[in-house]
Amino acid sequence: MNNGINNAKQRNYNPLIWLLSILIVGVIVATYFLPEIPGGTIWGIELTVLPMLNAIFNSFTFVFLLIALAMIKKKNIKLHRRFIIAAFVTTFLFCISYLTYHSMAASTSYGGDGPLMYIYYFILITHIILAAVIVPLALITLGRGLNMQVEKHKKIARWTMPLWLYVSLTGVLVYLMISPYY
C-alpha cells in the first residue's frame, strides 16, 4: 500500500548523516567548556525559561513519536512520515534551546539526596548516553525511510523508536527532577 508516497529516488544520505552526527554531538559537548555569560538573560528573557522549553520540546517529540508509531501500525505511511518529521523538528528546536542555555548559563546541580538522587543520576546518565546514540540512529532510520528501503528501515526502526522514546521521555523526567534547583 502506497498511501500517497511516491517511490523515492535512492540517495546516499550516509555522508550527511555522519557529518551531522559528529557535528551535533561535538557542539553539545563543546558547550560544556564555554565560559558562563554573566547576566542570565538573552534579549531580555531569563535563561531559566529554556530548560522548561526543552522539556516542552521533548514532550512534543515523545507524543509525535507515539502517533508516528500508531500510524505505521495502521500502515499509514504518509501520516507516519509527517509525524516523524514533526518529531525531528521538535528535536531540532530542542537542540537549539539546549545549546543556547548550556552555552550561556552555569550548570545546575541536583540538590536532593537519598534514593531519589540515585534514580535521578541513573536517568540522567542513561539519557545522556542514549541521546548521543540516537542522533546517528535516528538519521540513518530517516534516510532509509526516505529511500523507501522498507526492510532495512524496519530493522533499524525497531531499535530507534524505543530508544528515541526513552530519550525524549527521560529528558522531561530530568527536567522535572532538577527544576526545583534552577
So Leu34, is it at pLDDT below 95, farther than 16 Å from Val167 by Cα, among the hydrophobic types (A, V, I, L, M, F, W, C) and buried (at least 17 other Cβ atoms within 10 Å of the Cβ): no
Output for the range 76-98, where each listed residue is basic (Lys, Arg) and surrounded by 16 or more Cβ atoms within 10 Å (Cβ to Cβ): Arg81
Search result, residues across the range 99-132 that are in a helix (DSSP H, G or I), loosely packed, with under 13 Cβ neighbours inside 10 Å and of a type outside the set (Ser, Thr, Tyr): Pro115, Leu116, Phe122, Ile125, Ile129
Hits in the range 75-86 (condition: free of Cβ contacts under 8 Å to residues at least 24 places away in the same chain and either under 11 Å from Leu50 (Cβ atoms) or among the β-branched types (Val, Ile, Thr) (or both)): Ile85
Verdict on Ile119 being under 16 Å from the mean Cα position of the chain (by Cα) and hydrophobic (A, V, I, L, M, F, W, C): no
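Yes or no, residue by residue, for (1) surrounded by fewer than 17 Cβ atoms within 10 Å (Cβ to Cβ); (2) closer than 15 Å to Ile17 by Cα; (3) not polar (S, T, N, Q):
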| site | (1), (2), (3) |
| --- | --- |
| Ala138 | no, yes, yes |
| Trp164 | no, no, yes |
| Tyr175 | no, no, yes |
| Tyr181 | yes, no, yes |
The range 87-106, residues that are under 12 Å from the mean Cα position of the chain (by Cα) and in contact (Cβ under 8 Å) with a residue 24 or more places away in the chain: Ala87, Phe88, Thr90, Thr91, Leu93, Phe94, Cys95, Ser97, Tyr98
Filter result for Met177 (touching a residue at least 40 places away in the same chain (Cβ under 8 Å), outside any helix (DSSP H, G or I) and of a type outside the set (Ser, Thr, Tyr)): no
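The values are calculated or read from the model by the stated rules, or taken from the named source; none is laboratory data. These numbers were taken from a predicted model, which means no experiment stands behind them. All Cβ positions, even for glycine, are placed from backbone atoms using ideal geometry, and neighbour counts span all protein chains on display.
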